[in-house]
1. When you look at C:Ile37, is it out of contact with any strand residue (DSSP E or B) (no Cβ under 6 Å at 6 or more places or on another chain), among the β-branched types (Val, Ile, Thr) and within 30 Å of D:Gln146 (Cβ to Cβ), yes or no?
2. Specify which of the listed residues (A:Ala139, A:Ala110, A:Ala87) is among the small types (Gly, Ala, Ser), crowded, with 24+ Cβ neighbours inside 10 Å and more than 10 Å from every other protein chain (Cβ to nearest Cβ).
3. If D:Gly64 meets every condition in (1) over 18 Å from the mean Cα position of the chain (by Cα); (2) surrounded by fewer than 24 Cβ atoms within 10 Å (Cβ to Cβ); (3) in a helix (DSSP H, G or I) apart from one, which number is that one?
4. Of (1) crowded, with 24+ Cβ neighbours inside 10 Å; (2) farther than 16 Å from D:Val116 by Cβ, D:His56 satisfies all except one. Which?
5. Looking only at residues in region C:139-191 that are in a helix (DSSP H, G or I) and β-branched (Val, Ile, Thr), which one is farthest from the chain's Cα centre (by Cα)?
6. Is it the case that some residue within region A:37-49 is within 14 Å of chain D (Cβ to nearest Cβ), surrounded by 21 or more Cβ atoms within 10 Å (Cβ to Cβ), assigned to a loop (DSSP other than H, G, I, E, B) and of a type in the set (Gly, Ala, Ser)?
7. Given the residues A:Leu187, A:Leu218, A:Leu213, which is the only one that is closer than 21 Å to A:Ser261 by Cα, buried (at least 19 other Cβ atoms within 10 Å of the Cβ) and touching a Lys or Arg at 6+ places or on another chain (Cβ under 7 Å)?
4 protein chains.
Amino acid sequence: MQYRRLGSSGLQLSALSFGAWVTFGGQVGRTTARKLIAAAWDNGINFFDNAEGYGHGVAESLMGDVIADLRLPRDGYCVSSKVFFGANEDPRPTQRGLSRKHVTDACHAALRRLRVDYLDLFYCHRPDPDTPVEETVWAMDALVRQGKVLYWGTSEWSVGQIREAHKVARQNHLVAPTMEQPQYNLLHRERVELEYAPLYAEYGMGATVWSPLASGLLTGKYNDGIPEQSRLADPAISWLRGFVIGDPEQRRIERAREFTSLAREFGVAPAPLAIAWCLRNPHVSSVILGATSVDQLLQNLQALEVLETLEEACWHKIRVVAN
Amino acid sequence: MQYRRLGSSGLQLSALSFGAWVTFGGQVGRTTARKLIAAAWDNGINFFDNAEGYGHGVAESLMGDVIADLRLPRDGYCVSSKVFFGANEDPRPTQRGLSRKHVTDACHAALRRLRVDYLDLFYCHRPDPDTPVEETVWAMDALVRQGKVLYWGTSEWSVGQIREAHKVARQNHLVAPTMEQPQYNLLHRERVELEYAPLYAEYGMGATVWSPLASGLLTGKYNDGIPEQSRLADPAISWLRGFVIGDPEQRRIERAREFTSLAREFGVAPAPLAIAWCLRNPHVSSVILGATSVDQLLQNLQALEVLETLEEACWHKIRVVAN
Amino acid sequence: MQYRRLGSSGLQLSALSFGAWVTFGGQVGRTTARKLIAAAWDNGINFFDNAEGYGHGVAESLMGDVIADLRLPRDGYCVSSKVFFGANEDPRPTQRGLSRKHVTDACHAALRRLRVDYLDLFYCHRPDPDTPVEETVWAMDALVRQGKVLYWGTSEWSVGQIREAHKVARQNHLVAPTMEQPQYNLLHRERVELEYAPLYAEYGMGATVWSPLASGLLTGKYNDGIPEQSRLADPAISWLRGFVIGDPEQRRIERAREFTSLAREFGVAPAPLAIAWCLRNPHVSSVILGATSVDQLLQNLQALEVLETLEEACWHKIRVVAN
Amino acid sequence: MQYRRLGSSGLQLSALSFGAWVTFGGQVGRTTARKLIAAAWDNGINFFDNAEGYGHGVAESLMGDVIADLRLPRDGYCVSSKVFFGANEDPRPTQRGLSRKHVTDACHAALRRLRVDYLDLFYCHRPDPDTPVEETVWAMDALVRQGKVLYWGTSEWSVGQIREAHKVARQNHLVAPTMEQPQYNLLHRERVELEYAPLYAEYGMGATVWSPLASGLLTGKYNDGIPEQSRLADPAISWLRGFVIGDPEQRRIERAREFTSLAREFGVAPAPLAIAWCLRNPHVSSVILGATSVDQLLQNLQALEVLETLEEACWHKIRVVAN
């Protein structure tokens, strides 16, 4: 495994990490979850990503149970949670948004579900236009000073919102955010590469990126339509379908076909190639992998080998798809 | 139920909330208290207001017992307490005013009585001329940083006192107050509408208002004198009588008669009309309702319907009473 | 009982308070200690003063046991401790002076001995030339923020040292000291009346004063030599003798004789007169009384009556002795 | 025993202290460890130095067990730990360097191993180029404010790194470092005497120095080669051999021979003479002694006598060796 600093911080995360998004508590039950986390850990993954919004807490409970069961050493791994998920779908108005109450309650609930004394990373899962950034920064600072959170960050915030958080922190001597969790893959590059460009040097911001396979699109599995066993066929998460396929003018399926064709040409599987492509960006601290089987996870982990062995000319060809 | 932000903070309170003032531990015993809080919760109320000064702690103990008994989810509701009640009636000099000792002891006692780990809202129940504002702000900041209080505020403080609290907080990087709890109703408008006017924008101050019915006067129940069963006839709280009826030049009973007459004309009950009138002020975060029976509470909750359905012309007519 | 604010703070202390100095754990055993504290409490005293240096902790353990036994309500009384007593007599070098370690350890030990969760008042018992004031202020701030101490202060510090503590606190946004505990009586006035003069207004400093009877000298009991039963005859505390009698040029015994003669003229006992004299200084927040018997304590408490009833002309005559 | 302030702080450490480096958990087992610590304590040593890196935690566990067994009074002694040891040899990437996670986890682990509620001293064992100094200072500040650490410091940091830590602390009102733990002996003087020279006055920095005997070289035991029983012959710590003997141009063995020859001339043992030489530097707060037997420790403690009795002319002669 390769390890990278979380931005300019001293925390060393595995370049590939394991996320519970969509899978845990859905397709993946306890037996598979245990095998997945064991395989991840055995292969050097030390960062397990989660959120209160993943399966309404079920993903965190499952991960907490499995990690406890596997007796992973607490100081050897990092676990994250996230508060608020953008849509105000929680039936309790007090548990929407990034208010001091929600941030605090969500932290405590995640600690219980994940069975830990502190969260290594705690993200504001989306910006909340209905809470002043100042309130959220003060709340995060209190959690860090109480020892319940080590590093806090944001997920899919705009540059302006991130700057505002840093400004509030500096003015009031509060703990500033350390990392962002943006979507990043061959078909979704603008935020990580352009919008956030000044932030890496300015604040030493780290990026833990999600959806390196564009929700599976880059594996080529939707090149010829949506198979019955795939996540996209699950009516419970039908919203995902639109998210993955996108608008026709984005040509997402066509570009995925071109990409998988290139992968075949290079003699590597498309998934590890797409993941390795993300790792070529030095501002990426960790690429979060989801998986429903150990085989799938192991294949994705081949990205590290691809990264080291693929010739520069091949990467050059991929640029066409990515642009 | 409608939910509103507590000022510019991210906390979403029900526009109508339930307060224990006067009733809990007085006319209202445990059985009724349980029914009232259950009905409030079932109707979407998520803020339960209390104070150490309500029944010398009995109101808080009763509410704490009932909420625990009903197993309300801690992250779904907000509960408040208040320290100091203006009059120095506590036999213990150490428990008068807003000293660091009283603020701290009162918080701990309220946590015990309400059976919670933290207070969502904690108010300085009146200004205390015998304690520097600075001392109180430092004490509140310590409680917030220790996780025992989420939001702190004031009740019936002057603009100058509120500004002073913000100044102290800003200069020393302490947590500033978020909300005020002023009296507000058709017959008592000056402080909320004029005196506090600059504070809403300047500090994002929220207002949780009390006595929307002017202690019952606006229901019309005192239009023809004080009935034997009413709170005002209770000799234990005879001071309330002067407070409600006021001086002759205020014409409070006369204006209440005019108001109830208008309500009859509009075909709505006076109580929900008076409450809805408060809600029309966008600076009001929540209107605190007291009740001695579930029927009374349910009637008051009709204010939300009145607010949505009453024609503008009717509100226009009410202005005459309110001015 | 009369209650006074601790300087400009909001804490209301009884104008007369009860101290364990010299007596507890020495002449006074558990039975008498219990009677004394019960009598003090019954007469409205709400501040019990102590120090780690009084009887090497025995005075605190005794007071803690007795207060627990009497079941005094924690929020109704204030208890103090003090760290470091000037002379480096502790056999453990780590427990001398006002280092962060000694301040922290001493607080924890006092909490245990006094059987409380927090100290209401915690004093630096003497200035420590071997510890930077900055270190002590940071240590006290940490204890206050952790909720283990409510108010911290100094005892017999110079004006310059007190100013330095305030400067450090202001520059680093730390909790500043609230009170001083100086010696004050008719024969020892300079520090309280002249040296500290600017501090009362500048910092709102409160003064809890000790030795109002000049170690008994002002009762007249040493007018004709030292009786066998008195504290001064106890060889274990022989240093006290020099402290009380002083140098010949101070004319302490002569002035005590003049004072007791005046008391006889006014028809009041000398002890309550001397104590009442201290209370006439508005900068005195509380006068600490020591006592070895309930009778003695009750006589001293008559100071409040003397204060209210003695004619101005009498106080005028006392000036001669005091100057 | 002589006691010295830790720099300008108020903490009084024994001028000679006892360190677990190399010996504990290696040559020294539990029985000897108990005898060593008992002898150290009986001779006035009040500072026991340790680190997570000494025997991968075994040295701390052993010391914690023995101190608990001996029932040393917690407020009478000081114990230290250190986080990170320069080489990135920990198999867990999260436990390398001075990240907030490692600093926090290491503190908690040391508290458990040493069986204490707080560390008196906590050092950053080496500078970490892969963590911003700012992150480490914030992490240390949080531990101090939580009461888990009293004084924090550095070990073998450059002047620039120490200055940076103070700058970050001052700008953000955080607790600044108090002490350094550099190597210091007759053959290794530059850092303590020249490089750090401005820091003692500027920040009141204290120095607790290690290896006063240059890993035994100054005892003369390697004058004629490495004996079989010595630490240097232990293959498990063979790296130490190069460290001790050094490069030929340093003439370390030759200078050690000259030094031991001088000691013979003065009629004192070389070890206490070398230790006493360190104590002559007023910027040295404590010299840390390692020992594998009580006899060896007692001999080393004679340094205090040597310091007091050796004539100035003798010290003058030693200068030649030291330069």
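Every number in this text was worked out from the coordinates using simple rules, so none of it is lab data. Bear in mind the structure is a predicted one, so any value in this text is a computation, not a measurement. Please note: Cβ atoms are built from the backbone with ideal geometry, for glycine as well, and neighbour counts cover all protein chains shown.
1. Answer is no for this residue.
2. Exactly one of A:Ala139, A:Ala110, A:Ala87 is among the small types (Gly, Ala, Ser), crowded, with 24+ Cβ neighbours inside 10 Å and more than 10 Å from every other protein chain (Cβ to nearest Cβ), namely A:Ala110.
3. (1)
4. Here D:His56 meets the rest and fails (1).
5. C:Val168
6. Checked against the condition, which is being within 14 Å of chain D (Cβ to nearest Cβ), surrounded by 21 or more Cβ atoms within 10 Å (Cβ to Cβ), assigned to a loop (DSSP other than H, G, I, E, B) and of a type in the set (Gly, Ala, Ser), region A:37-49 yields no hits at all.
7. Numbers: A:Leu218 fails: touching a Lys or Arg at 6+ places or on another chain (Cβ under 7 Å); A:Leu213 fails: touching a Lys or Arg at 6+ places or on another chain (Cβ under 7 Å).
The conditions single out A:Leu187.
For every residue, the table says whether it meets (1) within 22 Å of A:Ser14 (Cβ to Cβ); (2) more than 13 Å from every other protein chain (Cβ to nearest Cβ); (3) not polar (S, T, N, Q).
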residue	(1), (2), (3)
A:Ala169	no, no, yes
A:His173	no, no, yes
A:Ala176	no, no, yes
A:Arg189	no, yes, yes
A:Glu195	no, yes, yes
A:Ser211	yes, yes, no
A:Leu218	yes, yes, yes
A:Ile226	no, yes, yes
